[in-house]
Amino acid sequence: MISHQSEAIVLRTWPFQEADLLVSLFTRDLGRVRGIAKSALRSRRRFGGTLEPMTWVRATYAEKPRQELVRIDQFELLASPLAQPMDYLRAAALAFYAEVLDNVLPDHDPQDAIFRLTLTVVEQTRAGTCWLPVTYFSLWMPRLLGWLPALDRCTACAAPLEEAAYFHSGSDGLFCVEHRVPNSSLLTRESLALAQNVERAPLSTFADGPWPRQRAQDLRRFTMRILERHLERRLNAAAVLSQLGG
């Protein structure tokens with residue numbers, strides 16, 4: 001049996017047998033792992049307050065060769081999304097991050113850039129507005145996964161995109177007015193410029209100005225469609241965010 005200790009983010013938990021929990025965990029060292037937290041529903045000393053989705057912990061766990069599930073021994077709390085008052089929008093944003101990560105991350109494949117992105121957006125969601133980190137996360141995830149084409153050129157003709165662009169459900173890319181297809185959706189000039197800037201700057205660059213829910217709605221629709229197309233499923237939390245105006 002090989003023992004590990006790693007920073008990790010709790011993605012999801014399920015009841016498993018009597019007082020045990022099955023835990024999906026995004027670790028910094030080994031990527032996503034799944035394991036059994038024995039007596040987690042009873043043990044406050046080992047797991048108290050650390051099992052909520054998007055909680056940042058230091059996880060101690062052990063794995064056996066040729067066994068899919070690890071044995072999770074203990075979590076040390078590093079930061080909790082519940083440290084600030086929780087509202088429905090914030091809960092939906094956290095659920096969105098967890099749902100995307102739990103579905104896109106391969107097992108046992110370290111993804112340090114995605115781990116750092118996740119810590120950044122969760123902290124921003126915990127401390128401030130939600131629409132900014134949701135927008136940032138939904139654009140950077142397909143970028144880091146290699147699903148997002150260049151946003152400065154038309155996918156069809158490679159012409160520079162400087163004004164408004166168009167997107168549709170059958171493609172990951174953006175299109176100029178000449179190559180848009182019927183039933184395309186508009187990405188405004190403001191959202192296009194924002195998307196191009198987000199690819200070049202950290203989240204903190206955009207945190208000073210106001211972020212009402214109307215800002216970059218079209219950009220979020222574009223990037224969430226990409227995520228759902230590659231996952232081949234609808235994202236429940238994305239639907240909730242849409243219902244909330246995002």
| When you look at Leu151, is it more than 22 Å from Glu232 (Cα to Cα) and either in a loop (DSSP other than H, G, I, E, B) or in contact with a helix residue (DSSP H, G or I) (Cβ under 6 Å, 6 or more places away or on another chain) (or both), yes or no? | yes
| task | Could you look through region 1-40, keep only residues that are acidic (Asp, Glu) and outside any strand (DSSP E or B), and pick out the one that is surrounded by the most Cβ atoms within 10 Å (Cβ to Cβ)? | result | Asp29
| task | Working carefully through the options Arg221, Arg213, find the one that is modelled with pLDDT of 95 or more and out of contact with any Asp or Glu (no Cβ under 8 Å at 6 or more places or on another chain). | result | Arg221
| query | Among Asp102, Asp73, which is the only one that is in the same structural domain as Leu231 (by TED's automatic domain parsing), charged (D, E, K, R) and surrounded by fewer than 18 Cβ atoms within 10 Å (Cβ to Cβ)? | reply | Asp102
| message | Can you pull out every residue in region 177-223 that is among the acidic types (Asp, Glu) and touching a helix residue (DSSP H, G or I) at 6+ places or on another chain (Cβ under 8 Å)? | response | Glu199, Asp218
| message | Within region 175-196, does at least one residue satisfy the condition of being in contact with a Pro (Cβ under 8 Å, 6 or more places away or on another chain), closer than 20 Å to Leu227 by Cα and in contact (Cβ under 8 Å) with a residue 40 or more places away in the chain? | response | no
| message | Can you confirm whether Leu139 is assigned to a loop (DSSP other than H, G, I, E, B) and buried (at least 20 other Cβ atoms within 10 Å of the Cβ)? | response | no
| Test set (1) touching a residue at least 60 places away in the same chain (Cβ under 8 Å); (2) closer than 30 Å to Pro81 by Cα - Ser169 fails condition number | (2)
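The values are calculated or read from the model by the stated rules, or taken from the named source; none is laboratory data. Fair warning: this is a prediction, and the values are worked out from it, not measured in the lab. As a convention, Cβ positions derive from the backbone with ideal geometry for all residues, glycine included, and neighbour counts pool all protein chains shown.
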